[in-house]
């Protein structure tokens, strides 16, 4: 480009040259000196740089891509040229006309003009949609897949894979029964008051007759306690019990009463007052006189105590460490760390000779854990039969209903009733974790009772 401009300037300088275009070339030719521009600065690059040749080349490349689908220099000769062998013979021409179309009598069918206008004329392929290929968390998923491949190559099975393997497969073939709509004319008609037998397995019939039960959650099938609703009393509680069974029941009731007595004695011991801690006349007088009489010994020892307090309470400033001391401490610290690491390596090497004892200790530890697991399961099973804490109050068991030996009756007619059926049922509900333990609400009267003597009562008195 610069050479062409130079030729133009040389031609313009020749005598008899007629310039027909009023362009910048005339200005350049008229100016004897070339304008000097500092191209080290970025703002002068586009302003004083001629890029027309580059733009023409790029426009030519874009034109070739639109029209031919690529650069002509890269295409093969077969796609650019064809061999002209002259006009085809009449027989071949007639055969082509018959095959192409019979409606136009030898004329080939051409597309409509509107179709040609709407046809995509550019041979440049559309730009690739990057967003269509993007995937959220692609890096994270790729890293997880790589880690899974590495673990699979080592033969390590992850916890998630174990859970997936142990999961029960879902039966996707089984479909739920769908009830038919009311406005379906093809459904069967049932006469509720008819005498014919009805198919009890039809979901429509079960739904309309109200015999289809609502699916209960599995949690509702679990009982809150394994205890029976009605507990059978011990054989010693019968109206005419055996001697040994009655004595066993009395022994059980005696153990309960002894435990109650122990609890009461323990509370009394905790609340009891020690006799040595009681105040006497001497201690009361000593407390009253304390601080009024000052002894001489106290006055003599007072100054020494103040000096000691001053010595103890003085603030001792720590001396600043020198650079040499700091370097020595740092070296000692590094030596200690190195010594510790060496000791650990030696211990690890020594453990190779202790494999047998290590295996034995691991086996003992596993046995202990198994025993703890069994004990924990046994405690869980035992707690199923115990009342849980459902409220702020604890469950208090009902007193044993037992009669003494002199209270036993020989027949049902002389039997004395023990306990209350209502209270027994109430305690059973609490014991089976159906209701929380509660106390009777305290009745508090808002207004005081007012006693008035009636006239009839007053006349009598």
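Return only the number of the condition from (1) modelled with pLDDT under 95; (2) in a helix (DSSP H, G or I) that residue 320 does not satisfy.
So residue 320 meets the others, but not (2).
Only one of (1) in contact with a helix residue (DSSP H, G or I) (Cβ under 9 Å, 6 or more places away or on another chain); (2) closer than 17 Å to residue 397 by Cα fails for residue 246. Which number is that?
(2)
Residues that are over 60 Å from the mean Cα position of the chain (by Cα), part of a loop (DSSP other than H, G, I, E, B) and either in contact (Cβ under 8 Å) with a residue 60 or more places away in the chain or under 19 Å from residue 430 (Cβ atoms) (or both): does the stretch 381-399 have at least one?
So in the stretch 381-399, the residues over 60 Å from the mean Cα position of the chain (by Cα) come out as none.
No, the stretch 381-399 contains no residue that is over 60 Å from the mean Cα position of the chain (by Cα), part of a loop (DSSP other than H, G, I, E, B) and either in contact (Cβ under 8 Å) with a residue 60 or more places away in the chain or under 19 Å from residue 430 (Cβ atoms) (or both).
So for the stretch 264-273 (the condition being assigned to a loop (DSSP other than H, G, I, E, B) and either over 23 Å from residue 419 (Cβ atoms) or out of contact with any helix residue (DSSP H, G or I) (no Cβ under 7 Å at 6 or more places or on another chain) (or both)), does at least one residue qualify?
The initial filter retains those residues of the stretch 264-273 that are assigned to a loop (DSSP other than H, G, I, E, B), namely 272-273.
Those left that are additionally either over 23 Å from residue 419 (Cβ atoms) or out of contact with any helix residue (DSSP H, G or I) (no Cβ under 7 Å at 6 or more places or on another chain) (or both): 272-273.
Checked the stretch 264-273: at least one residue is assigned to a loop (DSSP other than H, G, I, E, B) and either over 23 Å from residue 419 (Cβ atoms) or out of contact with any helix residue (DSSP H, G or I) (no Cβ under 7 Å at 6 or more places or on another chain) (or both).
Within the set of pairs 6 or more residues apart or between chains, which connect a residue that is in contact (Cβ under 8 Å) with a residue 24 or more places away in the chain inside the stretch 113-134 to a residue that is in a loop (DSSP other than H, G, I, E, B) and surrounded by 10 or more Cβ atoms within 10 Å (Cβ to Cβ) with Cβ atoms less than 6 Å apart?
Going by the 6 Å Cβ cut-off, the qualifying pairs are 123/69.
Yes or no: residue 217 more than 19 Å from residue 401 (Cα to Cα) and modelled with pLDDT of 65 or more?
Values: more than 19 Å from residue 401 (Cα to Cα): yes; modelled with pLDDT of 65 or more: yes.
So residue 217 fits the description; yes.
The values are calculated or read from the model by the stated rules, or taken from the named source; none is laboratory data. Small disclaimer: the values here were computed from a predicted structure and weren't measured. Backbone-built Cβ (ideal geometry, glycine too); neighbour counts: all protein chains shown.
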